[in-house]
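Notes to accompany the following structure.
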Amino acid sequence: MSNAKWTQLWLEYHKVEDITKPFAIVIDGFKKENRIIKSLICELKTGLEKMTGAKCTEEEKTTDGAYVVNIRKKEDLAKEGYRISKNGLSINVDSSDENGALYGVFEFLRTIALKKFDENFEKKCVPDNPLRMMDHWDNMDGTIERGYSGNSFFFVNNEIIVDDRTRDYARFLASVGINGVVINNVNVKQCASLMITDRYFDKLKELSDVFADYGISMYMSLNFASPIEIGNMDNCDPLNEDVIAWWKKKCKEVFEALPNLGGFLVKADSEGRPGPFTYGRTQADGANMLADIVKDYGKIIIWRCFVYNCTQDWRDTKTDRARAGYDHFKGQDGQYHDNVILQIKNGPMDFQIREPVSPLLGGLKETNQMLEVQIAQEYTGHQIDLCYLIPMFKEVLEFKTYCQKENDTVADVISGKAFGNKNCGIAAVINTGNDLNWTGNDLAAANFYGFGRLAFDMSLSSEEIAREWTMLTFCADEKTTDVIVDMLLRSREIYEKYTCPLGIGWMVTPQTHYGPSVDGYEYSRWGTYHRADHLGLGVDRSSSGTGYAMQYYKENADMYNDPSTCPEELLLFFHHIPYTWKLKDGRTLIQYIYDTHFAGEEEAEEIAANWKKLEGKVPEGTFNTVSHRFEMQIYNAKEWRDQVNSYFYRKSGIPDEKNRPIY
Ligand code: GCU
């Protein structure tokens, strides 16, 4: 493995004291020269040798007293699943395919690292989601859209980089069960359109091979206007014969050169991106045209549902960005071909700290669906502020859509359990960059790790994942682990408290999306997003407002439509509420705003102080980086507290009952 300067994250493999016997690896039923099996052997050796210091050999005949790790091909296991069992000195990792074997090996290594490797160890696991993907928003010039941890390690100055760092990244992905990666920004601009030309094929092939070694399919974001941008055509109408012929020829070239490519991801008709609407065609027309062509190569088209008109005039109270996804896609349910997957952001807006679950999830019943979440902390603190996102992802997965009587949660829908789809799963927008710690804030790696683990096994709890990550990463004493786990688990609510209360969202500096700007919203030409006036605050999305609440199945629609049954954490998302409205605990809305902003800032200080106590317990570099991030977080929290509180004090004229300073 590489002798890297960058960190190895949770694959650091700290020394485990109580295993001293040597290990022998036996491959039984798989081809040793298979690329994934080769990686697996390499990973096993690296991990075992680093953790135990004992020798690890590839011997059929084993020495007495050695552990034997049998990697066995067993057809009874489901795709990508594994079973690990231990009997005396014999350890079996069984699976029906190479990916399953690799995941089993990483689980075995994890078990040793977590010191759970005892006599009767046995574990069986089959991934919940067929597709478990990371979507990068890397640009070819090396920048990353919403990148807060350095520049791209895929692209530098319009060239593609493949090196040890790429390999380590593939290792991290596989170690948490990721099997797909999109390498470039959904906003395919600059020379990124040229990625599907022979200018880049050799390097792309090399890159896709590195991923393939770890059982990961590479995908690329596609510019829907490629026929115009690189094909010298005057249109990209998906029903135009010449356009279709152009794509056929192009896809033949691409898939002949890049056989490991899994397919394409497309953002169309949104935020300035081209798409089928220009030609009066539907999203289905666009997606199906491409899907029919890539089908011949066994590939898929992932089509994003983040389609909305960012220039719409919302002074008309029925106009609502939140409605757009459902309005554009629900009517075409059943029209998308089998190798199209619609990728749906978790909320109807845009990765806010709290949003309701998109009504499209489960709203579509006859269409392949994939959930899109964001690990890149675009609206959740830029990897400066601590924000462990797994609790949010779990809430989304557990949300009951009522799309049918049983098996109707978002987890059921995206895993294929609800409607029997094969092409489905979960994707996260990620911004791992060339910072030595990969994620800017060392603690933000918990989201990277956690997403992979959760995508594989949706039954894991937020706490289990946080604990596992903390133990693997820091291998610290129990008290230290408890402190870090506690910080992670509290962090999302703390961030929410000092930023945007009760589901209102935004109020963030336009464009950059960090720090407060109460009236700020990039598309605020038509007034403020939050609709605050001197009497109240919030967006009326009930049946008498924009009607968004009615996009849900009846049970949820009724619940959201009425402010007295609407979950309070989403009250301002769905309703315009007077400042004097009494919340369930008896506080008025305005008092709640004041209280939570003071509390959020105080709690941020509290977790920062807890971190300070860990000096000497975690690596010095990590301690310093995270300490500095906390200093910035507290500054940010104070800014939010003061700006939001004073804004609403001035708007409402109602003072804080506790007479705290509000300027
Ligand atoms: C947000 C984000 C953009 C991104 C877009 C998307 O609007 O701010 O940077 O391009 O989401 O998901 O496509």
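The values are calculated or read from the model by the stated rules, or taken from the named source; none is laboratory data. All of these numbers come straight from a predicted model, not from anything done at the bench. A quick note on method: Cβ atoms are made from the backbone with ideal geometry, for glycine too, and the neighbour counts reach across all protein chains shown.
So here's what we get for this one:
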{"read-out": "Matching residues in region 357-380 - criterion: being over 18 Å from H328 (Cβ atoms) and not aliphatic (A, V, I, L, M)", "value": "Q374, Q377, E378, Y379, T380"}
{"read-out": "Residue that is surrounded by the fewest Cβ atoms within 10 Å (Cβ to Cβ) [pool: residues in region 58-111 that are part of a strand (DSSP E or B) and of a type in the set (A, V, I, L, M)]", "value": "V68"}
{"read-out": "Answer residue from region 473-525, given it is touching a Cys at 6+ places or on another chain (Cβ under 7 Å) and not in a loop (DSSP other than H, G, I, E, B) and is farthest from F648 (Cα to Cα) among those", "value": "S491"}
{"read-out": "Residues satisfying the stated conditions in region 495-531, i.e. over 18 Å from H597 (Cβ atoms) and touching a strand residue (DSSP E or B) at 6+ places or on another chain (Cβ under 8 Å)", "value": "R531"}
{"read-out": "Count - residues of region 326-347 that are within 13 Å of the ligand (Cβ to nearest atom) and either of a type outside the set (A, V, I, L, M) or not in a strand (DSSP E or B) (or both)", "value": "4"}
{"read-out": "Test for G280: is it without any contact (Cβ under 8 Å) to a residue 24 or more places away in the chain and away from the ligand (no atom under 16 Å from the Cβ)", "value": "yes"}
{"read-out": "Pair list, Cβ under 6 Å, 6 or more apart: region 301-325 residue among the charged types (D, E, K, R), other residue assigned to a loop (DSSP other than H, G, I, E, B)", "value": "R304/K267; K318/T546; D320/T546; R321/Y308"}
{"read-out": "Sole residue being in a loop (DSSP other than H, G, I, E, B), more than 16 Å from the ligand (Cβ to nearest atom) and of a type outside the set (G, A, S), chosen from E355, E395, E366", "value": "E366"}
{"read-out": "Enumeration of residues in region 609-640 that are among the basic types (K, R) and either outside any helix (DSSP H, G or I) or within 19 Å of D533 (Cα to Cα) (or both)", "value": "K613, K617"}
{"read-out": "Selection from region 289-325 of residues that are within 13 Å of the ligand (Cβ to nearest atom) and among the aromatic types (F, W, Y)", "value": "W303, F306, Y308"}
{"read-out": "Members of region 187-227 found to be in contact with an Asp or Glu (Cβ under 7 Å, 6 or more places away or on another chain) and among the hydrophobic types (A, V, I, L, M, F, W, C), listed by number", "value": "none"}
{"read-out": "Selected residue [closer than 13 Å to K394 by Cα and either aliphatic (A, V, I, L, M) or within 16 Å of the ligand (Cβ to nearest atom) (or both)] from A476, A444, A455", "value": "A455"}
{"read-out": "Only listed residue being over 21 Å from Y552 (Cβ atoms), in contact with a His (Cβ under 9 Å, 6 or more places away or on another chain) and β-branched (V, I, T), chosen from I293, I301, I341", "value": "I301"}
{"read-out": "Residues satisfying the stated conditions in region 58-82, i.e. at pLDDT 95 or above and small (G, A, S)", "value": "A78, G81"}
